[in-house]
């Protein structure tokens, strides 16, 4: 597929990297020049357009008229709405996906025919119906930022926790593995559940323990 992403921040970067690794053609539109230079270094196989995704000229430069999917993932809901509407109306993109930062805005996006979601992983699944990105990301933040639901994908090579039971892991305090996604299978884990390479682990953790959890599982 050919996918245009508006926004080259953390969400846009991980999304572009995931989709590019799956052999999709990806273009990123980013308005910050410094970020564009960094993206060009970190994603050498992805075309980076320095411009505003809310402008016709920038979307034109990105080839939006040929896009199968247009995803706007900036931190500004208004910009995401405008960019997606522009892609739909001006460039006839049949599928638009937007990151929504404020849940109260989801209804507006859906009314406009834009798929509205709030996490990189869900965006990726919506676009290609595949699972998870290759790094830890925060899906939702609960209790005023004190608790987070996070997703970690175990590496397929040099996986230090693979073939181990969950009970064997020295998980940080305040961390609980809630679900394991293995291919098309969703596993509710127990202490004797054995982890496998490529597993996507959904865990509930205190925000302060996110980094420590990552170190236990993949670093």
Search the stretch 127-171 for residues being in a strand (DSSP E or B) and at pLDDT 50 or above, and hand back the single one that is farthest from residue 211 (Cα to Cα).
165
Taking the stretch 172-184 on its own, how many of its residues are part of a loop (DSSP other than H, G, I, E, B) and more than 12 Å from residue 217 (Cβ to Cβ)?
4
Return the residue satisfying two criteria in turn: it lies in the stretch 28-41 and is outside any helix (DSSP H, G or I) and over 17 Å from the mean Cα position of the chain (by Cα), and of such residues it is nearest to residue 93 (Cα to Cα).
31
So the strands (runs of 3 or more DSSP E) completely within the stretch 42-126 holding 1 or more residues that are modelled with pLDDT under 90 and either under 13 Å from residue 28 (Cβ atoms) or not assigned by TED's automatic domain parsing to the domain that holds residue 23 (or both) are none
Filter the stretch 28-83 down to the residues that are farther than 14 Å from residue 8 by Cβ, crowded, with 24+ Cβ neighbours inside 10 Å and either in contact with a helix residue (DSSP H, G or I) (Cβ under 6 Å, 6 or more places away or on another chain) or without any contact (Cβ under 8 Å) to a residue 60 or more places away in the chain (or both) and list them by number.
59, 64, 70
Could you grab me the full set of residues in the stretch 6-27 that are buried (at least 23 other Cβ atoms within 10 Å of the Cβ) and assigned to a helix (DSSP H, G or I)?
12, 13, 15, 16, 18, 19
Exactly one of these conditions fails for residue 15: (1) free of Cβ contacts under 8 Å to residues at least 12 places away in the same chain; (2) within 11 Å of residue 73 (Cα to Cα). Give me its number.
(1)
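The values are calculated or read from the model by the stated rules, or taken from the named source; none is laboratory data. Just so it is clear, the structure is predicted and the values come from calculations on it, not from any experiment. Using ideal geometry, Cβ is built from the backbone for each residue, glycine included, and neighbour counts are taken over all protein chains shown.
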